[in-house]
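Each reported figure results from applying straightforward, stated rules to the coordinates on display, with no laboratory input. Everything quoted here is computed from the prediction, not taken from an experiment. Glycine also receives a Cβ, built like all others from the backbone with ideal geometry; neighbour counts cover every protein chain displayed.
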Amino acid sequence: MAVLEVKNIGKHFGSTRVLDDVSFDLEEGNALAIIGSSGSGKTTLLRCLNFLEMPDHGSITVRGETLFDADNPVKGQERDLRTKRLHFGMVFQAFHLFPQYTALENVTLAEKLLAKEQPDFKQKRKQIFEEIEAHGKALLEQMGLAERMDHYPHQLSGGQQQRVAIARALALKPDILCFDEPTSALDPELTGEVLKVIRGLASQRTTMIIVTHEMAFARDVADQIIFMDDGVIVEQGDPRQVIDHPREERTRQFLTKY
Amino acid sequence: MFFSVTQALLDGLLTSFQIFIFTLLFSLPLGLILAFGEISRWKILRGLIQTLVWIIRGTPLMLQLIIIFYGPGLWLGHNIWSGSEAGRITATVVAFSINYACYFSVIFRGGIEGVPVGQREAGEVLGMTKSQIFFKVTLLQMVKRVVPPMSNEIITLVKDTSLARIIAAYELTFAGYSFMKSNGLTWPLFYTGVFYLLFVGILTLLFNYIERRLDYFR
């Protein structure tokens, strides 16, 4: 069964249509790449999945649980957003690390705040926090940042900051990890280290959605690919097939630019 | 003479200091409330606060002080401020608090809006509540942004306390001035200046300390 089912998502900003009838499924352990030119709606789609934007139409289902259904609104839908969001992790183009916290604190902050809601938090406070710290350290080590845990974001390079942001998103163990152009704000020499980390996650079968302009990377890493243009999915399927032998004229035109 | 001047100036300083401290105590939270009102989605509230800020920033503080001190007595037929020194200080604090809250609100609004939207969104996708995002993520970044403009306003407040003299509150400048008036002495005026310099000097050190403490992040 698909871990994520997105059906007929539509979104308008005022009278501008940004997404129209977007549907796709994502299998557990698969990586989905979304490509397309700027303004094609890729980022808005990711923002809808993380409920940073509310879709006007369609539904979002994770592991059989309908998180959002525009046609069949559930009472209190907005209020439950917080827990629904936790199904998704989000890595932003501009990192958005919290500047006043160290790398490790960035990774552990949300988990510590969530732990406070556990009923047995007061008795086990120390043990819970130790576990969270250990988990955070393990994640940063996995990102190759063992030596940088106590650094503040401004003391880190862009590539290091983005890797901290990935660890931060992973800390809450999301079902689906979303990347919004994770390397677009980086110098070419720093792009590689971030792509390597994402490649590593793919090889561990992390379920991911990656909005990217790195065609070669998308072709290598993704199990599925979606090409979007003007708010609609023009073509989707196997990445090699879509990138090497696109069926649609618009896909072909887009790919010649790369 | 030097001793009695010092004594009188210290008396004046106490009044100035009371005006300063109580004004800060009321205007800081009031300013924050006004700042939230200014960015509220409710248009009427926003309009009301913008009008208030325009009126308060657009007229002299001295005029506001005169209206607040003498106005109620003339409108209601009895003075709501007792004629004592305490009454004069209270009226001054009320006028100053409203005035400074308006200036602070604009600084706070700048601080709130200066924190990138991405910070809030990063908190949201990590499942934080609105109040967790405010207290754990944006507040300190806001504070860091507002410290330099706030230090300006607060230093101005020290010297604005001298306006209380217009309603005959015996504050620091009034104390120094009275020696010129009665004894023809000018040196107490310079001595008064030294009091202000020391007051502001201590505040400057304090603000430098706060800025240094917040220097560890950008």
Percent of Cα-Cα distances greater than 25 Å, calculated over segment B:16-169: 39
Dipole moment magnitude, nearest 20 debye, chain A about Cα centre, only Lys, Arg, Asp, Glu C-beta charged: 660
Helix axis angle, B:43-58 relative to chain B longest principal axis, alpha carbon, degrees: 30
Under the Karplus curve 6.51 cos²θ - 1.76 cosθ + 1.60, θ = phi - 60°, whole-Hz ³J(HN,Hα) for segment B:193-209, x wherever Gly or Pro sits: x, 4, 4, 4, 4, 5, 4, 5, x, 4, 4, 4, 4, 4, 5, 4, 4
Tensor-based shape of the protein assembly as shown (alpha-carbon gyration tensor, a/c under 1.5 rounded, otherwise prolate or oblate): prolate
Stokes-Einstein D in µm²/s, Kirkwood radius over Cα pairs - chain A at 10 °C with 1.306 mPa s viscosity: 83
Listed peptides A:192-203, B:110-121 by packing density, highest first (mean Cβ within 10 Å): A:192-203, B:110-121
Partner lysines for B:LYS130 [C-alpha distance under 18 Å; skip if fewer than 8 residues away on the same chain]: A:LYS84, A:LYS112, A:LYS116
Relative contact order of chain A, pairs being alpha-carbon contacts under 8 Å that are 6 or more residues apart, as %: 27
Axial C-alpha extent at least 18 Å, average Kyte-Doolittle at least 0.0 - helices from chain A (DSSP): A:103-115, A:188-203
Virtual paramagnetic centre 7 Å along Cα→Cβ of B:TYR209, amide N under 18 Å, in segment B:8-29: B:21
Number of partner chain Cβ atoms within 10 Å, mean per residue of B:124-135: 6
Approximate spin-label separation A:ARG63-B:LYS181, in nm, with each point projected 7 Å along Cα-to-Cβ: 7.9
Peptide B:47-60 - average C-beta neighbours from other chains (10 Å radius): 0
Column: log10 I(q)/I(0), Debye, Cα scatterers of segment A:14-150, q = 0.09, 0.14, 0.22 Å⁻¹: -0.39, -0.90, -1.37
Under 18 Å from the Cα of A:LYS137 - aspartates and glutamates, other chains or at least 8 residues apart: A:GLU105, A:GLU111, A:GLU147, A:ASP150
Residue-count net charge about B:GLN50 - beta-carbon cut-off 14 Å; Lys, Arg +1, Asp, Glu -1: +3
Taking segment B:16-169 and dividing mean pair separation by its residue count, relative contact order in percent (alpha carbons under 8 Å, at least six apart): 34
Residue mean of other protein chain beta carbons inside 10 Å, A:96-107: 4
